[in-house]
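> Take this structure first; my questions come after.
The values are calculated or read from the model by the stated rules, or taken from the named source; none is laboratory data. Because the structure is a prediction, the values reported are computed rather than measured. For neighbour counting, all protein chains shown are included, and Cβ atoms are generated from backbone atoms with ideal geometry for every residue, glycine included. Note: areas computed on protein heavy atoms with side chains; ligands, DNA, RNA excluded. Shrake-Rupley method; radii C 1.70, N 1.55, O 1.52, S 1.80 Å.
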Amino acid sequence: MNDLGPITWPPEPIRTERLVLREPEARDRAAFIELLASPEVHTYLGGPRPLDELEREMPEVPERWPGSFVVELDGVMIGQILLRRASEQHRPAAAGKADLGYLFLPRAWGFGYAAESCAAALDWFDGVLPGEPVVLATQSANVGSMRLAAKLGFTEVERYHAWDAEQWLGLRSPVTPSS
C-alpha cells in the first residue's frame, strides 16, 4: 500500500450526524484487536487473526497512518475506514488509485454507520485530493458490502477470481471541483 500523497495528516476529526472519524489512539487498541479477531467481520476477508497473536503484535497505537480513520460512536470505536493507494499487485484497473476499505464490529451492523462514515471519508478525500477516482473491492457474495458500494456511487469495473471466491471491483468516478 502506498501513501495517499500530498495531504495533511491527521485532519481535524470529521463529524457526521452520529459519528466521529478520527485518527486512531491508544484507547482503541482493544477494539482493533476485537475487530481483527472477529470471525463475523472476516467472513469475506480470509478469516480472523488469532487473538493471542494480535495481543502480542498490536502496537500501543494501532493503524496510525494517513488514511486510517477510527469510526467512533458515543466516544467508543465501532469500526475503521481505510483510504490508501492500491498497490501494483492489485488489479490493473485499481493500481495507483485510492482504495476504500472498511471494517465494523458486528454490534454496529445494520444501523447505517458504514454508509454514513464512508460517505464522510469520501467527502474528505474529495476535498483534499479533488478529481481522484476511488476503487473498492469486495467479494461478490458479500451482499451488504455490495449494497454499500452501490449506495456510495461505485459502479462495476470487473469481476475476477481471487482467494477462492469471486471478487467485485468498483470505481467511483472522480468528483471534479466546481469552478
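> Determine, yes or no, whether Glu116 is of a type in the set (D, E, K, R), modelled with pLDDT of 95 or more and not in a helix (DSSP H, G or I).
Criteria not met by Glu116.
> Is it the case that the range 75-83 has a residue that's modelled with pLDDT of 95 or more, under 16 Å from the mean Cα position of the chain (by Cα) and polar (S, T, N, Q)?
Yes: the range 75-83 contains one or more residues that are modelled with pLDDT of 95 or more, under 16 Å from the mean Cα position of the chain (by Cα) and polar (S, T, N, Q).
> I would also like to ask the following. Which residue pairs have Cβ atoms closer than 9 Å, lie 6 or more positions apart in sequence or on different chains, and pair a first residue in the range 44-58 that is more than 27 Å from Ala141 (Cβ to Cβ) with a second residue that is outside any helix (DSSP H, G or I)?
Short answer, once both residue conditions are applied: Glu57/Arg49.
> Please determine, by comparing only the residues of the range 61-90 that are of a type in the set (Asp, Glu) and over 23 Å from Ala162 (Cβ atoms), which one is surrounded by the fewest Cβ atoms within 10 Å (Cβ to Cβ).
Checked the range 61-90; the qualifying residue surrounded by the fewest Cβ atoms within 10 Å (Cβ to Cβ) is Asp74.
> Can you pull out the residues in the range 124-178 that are more than 26 Å from Trp9 (Cα to Cα) and in a loop (DSSP other than H, G, I, E, B)?
Matches in the range 124-178: Ser140, Ala141, Asn142, Trp163, Asp164.
> Return yes or no: is Leu169 touching a Lys or Arg at 6+ places or on another chain (Cβ under 6 Å), touching a residue at least 40 places away in the same chain (Cβ under 8 Å) and either loosely packed, with under 14 Cβ neighbours inside 10 Å or at negative phi (or both)?
yes
> Find the residue count for the range 91-120, including only residues that are in contact with a helix residue (DSSP H, G or I) (Cβ under 7 Å, 6 or more places away or on another chain) and open to solvent by 40 Å² or more (accessible area, probe 1.4 Å).
Count: 1.
> Condition first: out of contact with any Lys or Arg (no Cβ under 9 Å at 6 or more places or on another chain) and surrounded by 12 or more Cβ atoms within 10 Å (Cβ to Cβ). Now tell me which residues in the range 34-49 satisfy that.
Glu34, Leu35, Ser38, Val41, Thr43, Tyr44, Leu45, Pro48, Arg49
> Between a residue in the range 142-159 that is modelled with pLDDT of 95 or more and any residue that is assigned to a helix (DSSP H, G or I) and buried (at least 18 other Cβ atoms within 10 Å of the Cβ), which pairs come within a Cβ distance under 8 Å, given they are 6 or more apart or on different chains?
Leu148/Ala114; Leu148/Cys118; Leu152/Cys118; Leu152/Leu122
> Something else now. Restricting to the range 26-49, count the residues that are on the phi > 0 side of the Ramachandran plot and of a type in the set (A, V, I, L, M, F, W, C).
Residues flagged as on the phi > 0 side of the Ramachandran plot and of a type in the set (A, V, I, L, M, F, W, C) within the range 26-49 amount to 0.
> Tally time: how many residues in the range 151-172 are within 14 Å of Cys118 (Cα to Cα) and either polar (S, T, N, Q) or in contact with a strand residue (DSSP E or B) (Cβ under 8 Å, 6 or more places away or on another chain) (or both)?
Selection size over the range 151-172: 4.
> Can you give me the number of residues within the range 25-59 that are in a loop (DSSP other than H, G, I, E, B) and among the β-branched types (Val, Ile, Thr)?
Final tally of qualifying residues: 2.
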